[in-house]
Amino acid sequence: MKPIQVGLLGIGTVGSGTFNVLERNQDEIRRRAGRGIEITMVADLDTERAKSVVGDKVKVVADAREVIANPEIDVVVELIGGYGIAKALVLEAIAAGKHVVTANKALLAVHGTEIFKAAADKGVIVAYEAAVAGGIPIIKALREGLTANSIQWVAGIINGTTNFILSEMRDKGLDFDVVLKEAQRLGYAEADPTFDIEGVDAAHKATLMSAIAFGIPVQFDKAYVEGITKLAGADIKYAEQLGYRIKLLGITKRTDKGIELRVHPSLVPAKRLIANVEGAMNAVVVNGDAVGTTLYYGKGAGSEPTASAVIADLVDIARLQGADAAHSVPALAFQSHTLAAAGKELPVLPMSEVVTSYYLRIRVSDEAGVLAKITGILANAGISIDAVLQREADEVGGEGSTQTDLIILTHDTREGDMNKALDEIQGLHTVLAPLTRIRKEELN
Ligand code: HSE
């Protein structure tokens, strides 16, 4: 059978990896796919750099639309990123009857409903394994391997940049700003790291996992997003003393009222495997009613790890071999006509309805009755305390200090109730600084 012809839009880090891995493993990939997979055309504004990667045998152009217009091209691989031109090109490729493979989580998390509908109407596939957790086949696991399960929750370290920063903060006892600069110097963080450190990249990925775990539309606008920029080294240290690590988790959970979809720093018991995922690595824990808890670990970014996911999608498409794309694995795991109704039945909950436990750090004046007042407010709000830790004032504020940190761990409570209690606590004259609240996930 004729090799499948692939056109790449963008040949940076992931595109080069895709080209190189396809070249290197072409025999095995052909035996797996049942036909060859060939990159025959590449569009990149930097045509010289593109030529230096692919050589003379591949046609290199500057205009992505030339790839889309080429009737020989079966699959367009979009590696440009962002929601701007990438969205237009993906929709044009679909309209031209091309299958699309993309690593673009931002595009799918925000415009997925429109894009998947366009693909279904045209009878083509939009595949996106590389969009979530790079080389880890988590989309495959959720859509296919775990298809028997009613998924209960998914929690993942799905942003390598922030996990690297948190690991360094813990290992070296440094503050966020110092580590961020170091991460940028080492190339672990982008020059503009906003999407990573503010949790947006993780929320894009969590949104996609939420849709395919629960069979609901992609709803990035309903996600709660909180990054790591306000985390203090002190919180990492106190968490450690209480037996926890702080990780930026993407969490989506089925509850009686609807779906939780949230990204924020979380205390995780140090004994959980996921708490020990260090550096730029990613890991996702999935809990299904039949399988129980499963863990997927690996590189969430990088040239060849991400290429591994892109090529897996190309192999899936190559294996169609004339079969009807409409009967392949559904883009969002569930049949598309069921998504809208499920989205109404299982709404994504506002953050005030989320139920979780909390770590609180409260800077107080070290005087009689302060602890009693604070625990009284929590008790009145029906919030049960799990543990309390109070540091020596000298240790916190230096010799002779009259201030100290009060650390409180709570049991599960509604976020809305916690917000009200925290407002009241913050208003006490003995509370001397903005308090810190970090959510806690036992993941058991
Ligand atoms: N910027 C992402 C991360 C990699 O740090 O994990 C691509 O999604």
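The values are calculated or read from the model by the stated rules, or taken from the named source; none is laboratory data. These numbers were taken from a predicted model, which means no experiment stands behind them. Reconstructed Cβ throughout: ideal geometry from the backbone, glycine too, with neighbour counts over all protein chains shown. Heads up: the accessible areas ignore ligands, DNA and RNA and are worked out on the full protein's heavy atoms, side chains in. Shrake-Rupley method; radii C 1.70, N 1.55, O 1.52, S 1.80 Å.
Which value at 222 nm does the chain reach when only helices count, each DSSP H run of 4 or more adding -39,500 (n - 2.57), with the total divided by all residues and rounded to the nearest 500 deg cm²/dmol?
Only helices count here, giving -11000 deg cm²/dmol.
Can you pull the percent of segment 158-280's accessible area that's carbon plus sulfur, 1.4 Å probe, other chains left in place? Write out the running numbers ahead of the final one.
Details: 2300 of 4640 Å².
The nonpolar share, carbon plus sulfur, comes to 50 percent.
In this structure, the pairs whose alpha-carbon distance is over 18 Å, taken from 140/299; 237/420; 2/87; 140/205; 271/440; 98/140, are 237/420; 2/87; 98/140. Under 5 Å from the amide H of residue 152 lie the amide H atoms of 287, 288, 289, each residue being 5 or more positions distant or on a separate chain, with H modelled from the backbone and absent for Pro and chain starts. Take residue 13: with every protein chain present and a 1.4 Å probe, its accessible area is about 90 Å². Summary of packing: across the peptides 435-442, 244-251, 264-271, the per-residue average of other C-beta atoms within 10 Å ranks them, highest first, as 244-251, 264-271, 435-442. Summing Lys and Arg as +1 and Asp and Glu as -1 over all other residues whose Cβ lies under 10 Å from the Cβ of residue 156 gives a net charge of +2.
Calculated on the Cα set of segment 311-444, radius of gyration then Dmax: 24.4, 79 Å. For segment 25-157, the fraction of 1.4 Å probe accessible surface lying on carbon and sulfur atoms is 50 percent.
Accessible surface for segment 354-440, divided over its residues, is 46 Å² per residue with a 1.4 Å probe.
Ordering 369, 358, 413 by Cα displacement along the dipole of segment 354-440 toward the positive end leaves 413 in first place; charges were set at the Cβ atoms of Lys, Arg (+1) and Asp, Glu (-1).
How big is D, in µm² s⁻¹, for segment 113-201 by Stokes-Einstein at 10 °C and 1.306 mPa s if Rh is the Kirkwood radius over C-alpha pairs? Present the calculation step by step, with values, prior to reporting the outcome.
Values: Rh = 15.8 Å.
Estimated diffusion coefficient is 100 µm²/s.
Coupling constants for segment 226-241 follow from the phi torsions by the Karplus curve (6.51 cos²θ - 1.76 cosθ + 1.60, θ = phi - 60°), and in residue order they are 9, x, 10, 5, 9, 6, 9, x, 4, 5, 5, 5, 5, 4, 4, 5 Hz; glycine and proline get x. Panel values: segment 145-269, Kirkwood radius from alpha carbon pairs, Stokes-Einstein at 20 °C and 1.002 mPa s, translational diffusion coefficient 141 µm²/s. Taking the Kirkwood radius as Rh and the Cα radius of gyration as Rg, the chain has a ratio of Rg/Rh equal to 1.03. 3J(HN,Hα) along segment 91-96, derived from phi through the Karplus expression 6.51 cos²θ - 1.76 cosθ + 1.60 where θ = phi - 60°, amounts to 5, 5, 5, 4, 4, 7 Hz, with x in place of Gly and Pro.
Bridgeable aspartates and glutamates around residue 222 (alpha carbons under 19 Å apart, same-chain partners fewer than 8 residues away excluded): 114, 196, 198, 201, 256, 260, 345, 353, 415. Between residue 61 and 42, 43, 44, the built amide H atoms are under 5 Å apart, and every one of these is 5 or more places off in sequence or on another chain.
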